[in-house]
Amino acid sequence: MAVRLRRAWADLPGWALWVLAVYLIGFAEGTADHVRWMTHGGIHAYAQSYPQIAIQVLFVSLVVLDPLVFALVAFVRREGIWLAAVVMALDMAANWIGNWTSIRRDWVPNVPWLITLFGALVLVTALPLLHATARARHDGSPRLSSWRS
């Protein structure tokens, strides 16, 4: 398995390695942040800051989804790239919606800058990464889909 994993990373172009590394850092930080919230308030950790139930449910579910994205991306699974894009689209939307009243009042300190920048990076790079991983898998060398290596 370690050989296949090394080969999966080695077959990617340099830019894709850097982008996947940023994905891993971002989703590791997201996991830690949501776990911190949950340790302080349990499943109701977001109730005071975000009164919308759907946003609370999303943020609580990120305790599972963020590490799942991390693991899938670490194993260079295309599903991880797709899930990263979906998670970040939802996370950005939830943060903007949940903070909209504050953003309208004083936008500079209240805009979720880090989430927005990371989410934009994920959304802009998802398709190129999917193409890069597809090319790396179909270049004729044994790939993760081959169980005999």
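The values are calculated or read from the model by the stated rules, or taken from the named source; none is laboratory data. Predicted model, so just to flag it, every value in this text is computed and none were measured. Quick reminder, even Gly has a Cβ in these numbers, built from the backbone with ideal geometry, and neighbours come from all protein chains shown. These area figures cover heavy atoms from the full protein model, side chains too; ligands, DNA and RNA do not enter into them. Shrake-Rupley method; radii C 1.70, N 1.55, O 1.52, S 1.80 Å.
Output the residues belonging to the range 40-58 that are assigned to a helix (DSSP H, G or I) and farther than 28 Å from residue 81 by Cα.
To start, the set of residues in the range 40-58 that are assigned to a helix (DSSP H, G or I) comprises 40-44, 53-58.
The answer is 40, 41, 42, 44.
Selection of the range 93-114 for residues being modelled with pLDDT of 90 or more, open to solvent by less than 30 Å² (accessible area, probe 1.4 Å) and of a type in the set (A, V, I, L, M, F, W, C) yields only 94. Is it true that some residue in the range 126-138 is open to solvent by 60 Å² or more (accessible area, probe 1.4 Å) and within 17 Å of residue 31 (Cβ to Cβ)? Scanning the range 126-138, I find no residue that is open to solvent by 60 Å² or more (accessible area, probe 1.4 Å) and within 17 Å of residue 31 (Cβ to Cβ), so the answer is no. Here residue 136 clears all of (1) more than 25 Å from residue 33 (Cα to Cα); (2) within 20 Å of the chain's Cα centre (by Cα); (3) touching a residue at least 40 places away in the same chain (Cβ under 8 Å) except the condition numbered (2). Within the range 72-97, residues that are in contact (Cβ under 8 Å) with a residue 60 or more places away in the chain have Cβ atoms under 6 Å from residues that are open to solvent by less than 50 Å² (accessible area, probe 1.4 Å) and acidic (Asp, Glu) in no pair, counting only partners at least 6 apart in sequence or on another chain. Total residues in the range 70-85 satisfying the condition of being closer than 19 Å to residue 116 by Cα and in contact with a Ser or Thr (Cβ under 8 Å, 6 or more places away or on another chain): the figure is 2. The set of residues from the range 1-23 being under 22 Å from residue 125 (Cβ atoms), of a type in the set (A, V, I, L, M) and open to solvent by 30 Å² or more (accessible area, probe 1.4 Å) comprises 5, 10, 17, 21, 22.
Filter the range 25-76 down to residues that are charged (D, E, K, R), open to solvent by less than 40 Å² (accessible area, probe 1.4 Å) and more than 14 Å from residue 91 (Cβ to Cβ), then give me how many there are. First the steps, then the outcome.
First, the residues of the range 25-76 that are charged (D, E, K, R): 29, 33, 36, 66.
If we keep only those that are open to solvent by less than 40 Å² (accessible area, probe 1.4 Å) too, we end up with 66.
Add one more test, that the residue is more than 14 Å from residue 91 (Cβ to Cβ), and what stays is none.
Number of matching residues: 0.
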